[in-house]
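Participant: Here's a structure for you.
Derivation of every value follows stated rules applied to the coordinates shown; laboratory data play no part. Note that the structure is predicted; figures quoted are calculated from it, not measured. Cβ sites come from the backbone with ideal geometry, for glycine too, and all protein chains shown count toward neighbours.
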Amino acid sequence: MFAQSLSAAQLKQFHDSGYLVIDGIVDVRTVLHPLIEEYDLLLSSICDAWIEQKLLEPVVGQYSFADKIRAAYSAGLDFFQPLDISLPPGEIQSDTPFHAGPAVFNLITNEKLLDIVEQLIGSELTSNPIQHVRIKPPAVELNDDEIRAHITHTDWHQDRAVTLEEADTTEMVTVWVAVTDATVENGCLQVIPGSHREAMQRHCPSPQLSIPLSQLNVDSAVPVPVKAGGAVLFHPQTIHASLTNLSDSIRWSFDLRYNVTGQSTGRPMFPEFIVRSKQNSASVTVDANRWRCMWEEARDVLSVEPPVVIHRWPEDSVYCA
Ligand SMILES: O=C(O)CCC(=O)C(=O)O
Ligand SMILES: [Fe+2]
């Protein structure tokens, strides 16, 4: 029935442990390579503009993708937001950069990924706008005060905590796709098996949105390495983090989320779209340009509205002291 079927053992693993690793789900030739090529062109044009403005050395124009990322970071330039597949929280301008390119749309709407997600939460599927690219330079090259979870290691959290409360009962799955091999050395994910069966934990907003270590027992945590083209799927309450990138190259992933259509995405100010529907196949968005326009329209609206708030956790809670 599905091009990509989950075995009974895989379904049991997801339901019992709250996560599942699937190797080789994303086709390297038709999905991963076009994605890498799209990002290569995008980063080259961003670097060319920085070179033109004398913010980067001209030689960077000849560098590899990974070397451009490292050069941009060491020059103090923000490569993250122009490459990210979402708008940021906080203030949004009419020209805040983001990337909603066709190869990313192709990944989000990949039939094999959707087959897997359908077997977990059913056939009425919406692409949740909480989604990011993470391209992490080697930790030794990061500034001592770097705290951004898209650049350095990610602290312990549940994805439920990065939604607004209105999505607390939404059936949702996170799909974390490895673009480079994710290893223990270069900062793969780690999860606490079975933690999805516990309640939502209290989170603190800074330095990263995370569960205070005093509330957590990480003794049973396991690392989740996965090769490029593979994916880690997890439940919105599974407690997870990522390790530090101790390698000498970048660690690159996309994290996507899907929820049952009609349930809150938890980030209502950003655009969702239907990726699969048995009940109403005409409701599925199939046009990558339409998807990009949805984000541009949201940006226009948000640029004249108060800063975007994406979670419910106050800074001054006693448990955050
Ligand atoms: O890749 C990472 O560092 C963390 C990703 C994450 O927390 C997620 O995908 O939900
Ligand atoms: Fe997460």
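Participant: Mark the label point 7 Å from the Cα of Val304 along Cα→Cβ and return the residues of region 76-108 whose backbone N is within less than 15 Å of it.
Facilitator: 92-95
Participant: Pick out, from Gln131, Ala161, Asn110, the residue whose Cα sits farthest towards the positive end of the charge dipole of region 99-185, with +1 on the Cβ of Lys and Arg and -1 on the Cβ of Asp and Glu.
Facilitator: Asn110
Participant: Let me ask something additional. Please enumerate, by chain and number, the lysines with C-alpha under 20 Å from the C-alpha of Lys54, excluding those fewer than 8 residues away in the same chain.
Facilitator: Partners within reach: Lys68.
Participant: Next question, about the same structure. Could you tell me the center-to-center distance, by alpha carbons, between region 1-68 and region 214-235 in angstrom?
Facilitator: Centre-to-centre distance over Cα atoms comes out at 19 Å.
Participant: Exactly which trypsin sites (Lys or Arg not before Pro) in region 1-94 are in a DSSP loop and have at most 12 other Cβ atoms within 10 Å?
Facilitator: Answer in residue order: Lys54.
Participant: Right, something else. Within region 89-167, list the trypsin sites (Lys or Arg not before Pro) lying in a DSSP loop whose Cβ has at most 12 other Cβ atoms in a 10 Å radius.
Facilitator: none
Participant: A further question on this structure: Using a ≥ b ≥ c from the Cα gyration tensor of region 254-321 (square roots of the eigenvalues), is it rounded, prolate or oblate, where a/c under 1.5 gives rounded and otherwise the larger of a/b and b/c decides, a/b for prolate?
Facilitator: oblate
Participant: Shifting gears a bit: Report the paramagnetic label zone for Thr169: residues of region 210-241 whose backbone N is under 18 Å from a point 7 Å from Cα along the Cα-to-Cβ axis.
Facilitator: Taking a point 7 Å out along Cα→Cβ of Thr169, the residues of region 210-241 whose backbone N falls under 18 Å are 236-237.
Participant: Count the net charge of all other residues whose Cβ sits under 11 Å from the Cβ of Leu125, scoring Lys and Arg as +1 and Asp and Glu as -1.
Facilitator: So the surrounding residues net to -2.
Participant: Let me ask something else. Could you list Glu38, Glu296 in order of exposure, starting from the residue whose Cβ has the fewest other Cβ atoms within 10 Å?
Facilitator: Numbers: Glu38 17, Glu296 14.
Lowest to highest Cβ neighbour count: Glu296, Glu38.
Participant: Let me ask another. Using a/c under 1.5 as the rounded threshold, could you call region 33-114 rounded, prolate or oblate? The axes a ≥ b ≥ c are square roots of the C-alpha gyration tensor eigenvalues, and prolate needs a/b larger than b/c, oblate otherwise.
Facilitator: oblate
Participant: What pairs in Lys112/Lys278; Lys112/Lys136; Lys112/Lys227; Lys227/Lys278 have C-alpha atoms more than 24 Å from each other?
Facilitator: Lys112/Lys136; Lys227/Lys278
Participant: Anything in the chain that counts as a DSSP H helix reaching 27 Å or more along its axis (C-alpha) with Kyte-Doolittle mean of at least -0.5? List them, would you?
Facilitator: Counting only whole DSSP H runs, the qualifying helices are 33-52.
Participant: Now a separate question. Can you grab the distance from the C-alpha centre of region 137-187 to the C-alpha centre of region 103-133, Å, no decimals?
Facilitator: 18
Participant: Hey, another quick one. May I ask you to list the trypsin sites (Lys or Arg not before Pro) in region 249-321 that are in a DSSP loop and have at most 12 other Cβ atoms within 10 Å of their Cβ?
Facilitator: When the trypsin sites (Lys or Arg not before Pro) of region 249-321 are filtered for loop state and at most 12 Cβ neighbours within 10 Å, Lys278 remain.
Participant: For the chain, list the cysteines whose Cβ sits under 4.7 Å from no other cysteine Cβ?
Facilitator: Singleton cysteines: Cys47, Cys188, Cys293.
Participant: In terms of the Cα gyration tensor, with a ≥ b ≥ c the square roots of its eigenvalues, is the chain rounded because a/c is under 1.5, prolate because a/b exceeds b/c, or oblate?
Facilitator: Verdict is rounded for the chain.
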